[in-house]
Amino acid sequence: MDNINESHDSALVKAPWYRHRLLVLVVGSITIALTLVSIALALYASGGTAQLDISRPGYKSVQDKVEPTSFESFSPTGEVDEGVIDEFLDLYDKQTKRVNSTDAFSESALADNALGIDAP
Amino acid sequence: MKLIINSFVACMAFVVFLSAVSVYAQSSIMTDSHIAKIKTNCTLALGIVGRIHVNDAPQFINSNQTYYSIGDKLMAHLNSRLTLNKYDASKLVKTASDYNVALSKFRSVYKTYEETMSELVRTDCLRAPVTFYDKVATAREQRVKVHDAVVRLHQLLKQYRVDVKTFKAEKLGDSNG
């Protein structure tokens with residue numbers, strides 16, 4: 001039994017990668033880390049998270065413009081009567097007021113003349 | 001022989017078509033004075049584009065959060081409550097479903113627009129004024145799509161309110177509207 005173990009150990013020691021096992025460990029670790037970081041960055045960019053990330057460089061000046069998340073919820077359980085519906089509508093009107101402006105993302109902001117690049 | 005004549009006619013028609021396309025392309029080429037104007041106002045234009053890009057971010061984040069919460073914490077909860085009480089809320093469910101589709105569209109068109117704007121602010125308009133101008137046009141088209149998505153969301157918000165009032169009048173006997 002000992003002979004079998006010894007021959008196995010000796011074969012292992014003779015393997016080329018075993019002599020450079022520290023290097024293999026370091027390169028392997030770096031490869032795995034780079035792969036995981038690449039996957040994470042791809043998910044960050046493709047999943048739409050980047051658009052919600054205000055901590056990116058250049059966005060410091062507008063960080064205070066992001067409103068804290070506070071939203072009064074409507075209870076999904078309970079009886080239904082006219083009073084409940086009125087209560088819902090009050091809550092609904094209050095919350096929809098926050099996004100009432102349809103001027104958001106208007107085309108005129110990027111008009112040629114607004115940027116001074118219109119044809120002379 | 002007839003085949004050869006037909007082939008010749010087809011080739012001539014194709015050449016004429018290509019010429020017409022070429023003439024149209026020539027007419028849309030920018031003039032030297034236009035390119036010079038873009039170069040002159042390059043810094044100013046990049047500054048404005050940069051400010052728009054940065055200011056769009058909180059606008060999107062706040063709107064997206066509110067739109068999501070309205071759908072998730074108001075519409076879905078009311079629909080659930082009505083269903084639990086054995087009411088037919090199919091119309092409200094349909095509008096809420098359309099709203100969620102519109103919200104997904106809003107997010108996807110904004111993502112495309114934001115990526116174009118990110119490229120645009122990195123474009124060197126002194127070295128590549130024509131590329132810069134083309135990218136501004138693309139960003140503008142995509143911004144229109146974002147605006148259209150916002151308008152659609154607002155239509156559905158109004159529609160849902162109307163549906164709730166209709167439900168109240170029809171199912172709960174309220175005639176005040």
*Give the angle, between 0 and 90 degrees and rounded to the nearest 10, that separates the Cα long axis of helix A:21-46 from the longest principal axis of the Cα atoms of chain A.*
20 degrees
*asked:* Which of rounded, prolate or oblate describes the protein assembly as shown when judged by the alpha-carbon gyration tensor and an a/c cut-off of 1.5?
replied: oblate
_Of B:Lys39/B:Lys135; B:Lys91/B:Lys165; B:Lys111/B:Lys158; B:Lys91/B:Lys168, those spanning more than 18 Å from alpha-carbon to alpha-carbon_ = B:Lys111/B:Lys158
*asked:* Output needed for chain A: three equivalent-ellipsoid semi-axes, defined as square roots of 5 times the C-alpha gyration tensor eigenvalues, in descending order, whole Å.
replied: 60, 31, 11
*Treating the beta-carbon of each Lys and Arg as +1 and of each Asp and Glu as -1, no other charges, what is the dipole magnitude of region A:28-120 about its Cα centre, to the nearest 20 debye?*
860 debye
*On Cα atoms only, tilt of A:2-14 relative to the major axis of chain A in degrees*: 60 degrees
*With every protein chain left in place, what is the accessible area per residue of the protein assembly as shown in square angstrom, probe 1.4 Å?*
61 Å²
_Rounded, prolate or oblate for region A:70-120? Axes are the square roots of the Cα gyration tensor eigenvalues, ordered a ≥ b ≥ c, and the cut-off for rounded is a/c under 1.5._
prolate
*If you keep only loop residues by DSSP, which trypsin sites (Lys or Arg not before Pro) in region B:81-171 have at most 11 other Cβ atoms within 10 Å of their Cβ?*
B:Lys86, B:Arg127
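The values are calculated or read from the model by the stated rules, or taken from the named source; none is laboratory data. The shown structure was predicted, so the numbers you read here are calculated from the model rather than taken from an experiment. Heads up, the Cβs are rebuilt from the backbone with ideal geometry, glycines too, and the neighbour counts pull from every protein chain shown. The accessibility values were calculated without ligands, DNA or RNA, using every heavy atom of the protein model including side chains. Shrake-Rupley method; radii C 1.70, N 1.55, O 1.52, S 1.80 Å.
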